[in-house]
1. Kindly express, to the nearest 10 degrees and within the range 0 to 90, the angle between helix 147-170's C-alpha long axis and the longest C-alpha principal axis of the chain.
2. So, in Å, what gap is there between the alpha-carbon centers of segment 52-96 and segment 114-189?
3. By how many degrees, 0 to 90 and rounded to 10, does the Cα axis of helix 185-194 deviate from the longest principal axis of the chain?
4. Under the rule of at least 5 residues apart or a separate chain, name every residue whose amide H is placed under 5 Å from the amide H of M139.
5. Return, for the Cα atoms of segment 113-223, the radius of gyration and Dmax in Å, separated by a comma.
6. Once Lys and Arg get +1 and Asp and Glu get -1 on their Cβ, which of H193, L163, H173 lies farthest toward the positive end of the dipole of segment 56-196?
7. State the answer as a single residue: which of A43, G18, L132 lies farthest towards the positive end of the charge dipole of segment 1-145, with beta carbon charges of +1 for Lys and Arg and -1 for Asp and Glu, about the Cα centre.
8. What figure, in Å² to the nearest 10, do you get for the accessible area of T184 with a 1.4 Å probe and non-protein molecules left out?
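The values are calculated or read from the model by the stated rules, or taken from the named source; none is laboratory data. Source: prediction; values computed, not measured. No Cβ is skipped: glycine too gets one built from the backbone with ideal geometry, and neighbour counts run over all protein chains shown. Please note that ligands, DNA and RNA were not included when accessible areas were found on the heavy atoms of the full protein model with its side chains. Shrake-Rupley method; radii C 1.70, N 1.55, O 1.52, S 1.80 Å.
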Amino acid sequence: MTTRLRGRTIRRDAGLYGYERALERRGLTPVAGVDEAGRGASAGPLVAAAVVLDREIPGLADSKLLTPARRERCFDLVMERAVAVDVVVISPQECDRMGIHRANIEALRRALARLPVRPGYVLTDGFPVDGLGVPGLAMWKGDRVAASIAAASVVAKVTRDALMVDLHDQYPHYDFATHKGYSTAAHEQALRHHGPCPEHRRSWANVRAVLTGSTHNHERSDA
């Protein structure tokens, strides 16, 4: 598979750094990659990260393909070696207010705007982010084929996982440390039994479904 990049064809087998190298040869630097974590979760924040790299990160890959230990190691290397990194956290309440897609776009915009260096080109995972003032490319499965997006995915995922572990200490009934707020069977059972906590997204259908009876369920669980 190939992708056209302003007159240049980039093969998907060019390696994880192929897009960044092609953009550098055309003078479109620095290249920033952005990605998010938590878009599909029914509890906890949405986290977006923007990363600018100027060197390879050993072991870097899409965060979903890494073990937790390797992801933590990549996170440390990215934070140590990246030219610039910024992270934005969008609360569940803000996700509800804006809607998840708008919140996602806003988070990515904020992360890019707050980078200490102005990107010359932006690579995004899945869908375009408008209004950046610089050229960009939306890439299908970008976190698997572009290093800067993969780095952003690692930073966003590790940051959000740490936040969910902290939330587990506040709301241990939901076991956020294990499922990180995604709608697993165990999370759904806890949600139905205890009702939503302040970190649940009220706009999610599964959360809305238990809201009417959440007070009754909570009282019953404490009886």
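1. 20 degrees
2. 8 Å
3. Relative to the chain, helix 185-194 is tipped by roughly 40 degrees.
4. HN-HN under 5 Å from M139: T124, D125, G126, F127.
5. 18.9, 60
6. The residue sitting most towards the positive pole is L163.
7. Of the options given, the answer is G18.
8. 50 Å²
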